[in-house]
Amino acid sequence: MSKHIEKLKKQLLEISEVVNSFKSEAVQVRVVDRLLDAMMELEKTETDGIEVLNKRVYRPRGDEGGYAARGAKKPGATKILNQLLSADFFDVPRSISSIANYCKDNFDSDFKTSELSGILLKLANEHKLRRERSNENNRFEYVRA
């Protein structure tokens, strides 16, 4: 155990000048934390240390495909809705449930309508989307502004 502590002390001395060059203590803590995480990961997997520093690995709980199979984290609701906004998805009015179903089918993201409603309202308040009531079911639909 003491060998590891001595090794860690030596490594910390080597990087202290670089870490201390950052003015923000929060940044210094993040740099040291990231380096320690990388060192621990390096010892576990015995991979190239630079590769560990450059990316965080998404570890799925189950054997699911899609983003997890590529080692990437699934995009969140905001990111997906912004992608749909930049595409032609909102050229026709869409209900929250149809948006949730589309996200499930095309992005493998099972969002609840309550997760999407706040983001859609924000996009409507930013005048990126229009929020209109449907005559058929008296529910809101969203269309490009």
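The values are calculated or read from the model by the stated rules, or taken from the named source; none is laboratory data. Owing to the predicted nature of the structure, the values given are computational and were not obtained by experimental measurement. Heads up, the Cβs are rebuilt from the backbone with ideal geometry, glycines too, and the neighbour counts pull from every protein chain shown. Protein only, heavy atoms only, side chains kept; ligands, DNA and RNA dropped before computing areas. Shrake-Rupley method; radii C 1.70, N 1.55, O 1.52, S 1.80 Å.
The table for this structure:
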| item | result |
| --- | --- |
| Inter-label distance for Asn125 and Ser86, nm, one decimal - labels placed 7 Å from Cα along Cα-to-Cβ | 2.4 nm |
| Cα-Cα over 23 Å, subset of Lys79/Lys112; Lys23/Lys79; Lys74/Lys104; Lys79/Lys122; Lys7/Lys73 | Lys23/Lys79; Lys7/Lys73 |
| Solvent-accessible surface (1.4 angstrom probe) belonging to Val29, in square angstrom, nearest 10 | 90 Å² |
| Solvent-accessible area per residue for the stretch 79-131 (1.4 angstrom probe, square angstrom) | 59 Å² |
| Nearest-10 value in Å² for the accessible area of Thr113, using the 1.4 Å probe | 70 Å² |
| Net charge over other residues, Cβ less than 15 angstrom from the Cβ of Ala145 (K, R count +1; D, E count -1) | +1 |
| Where labels lie 7 Å past Cα in the beta-carbon direction, separation of Ala26 and Ser134 in nm | 4.2 nm |
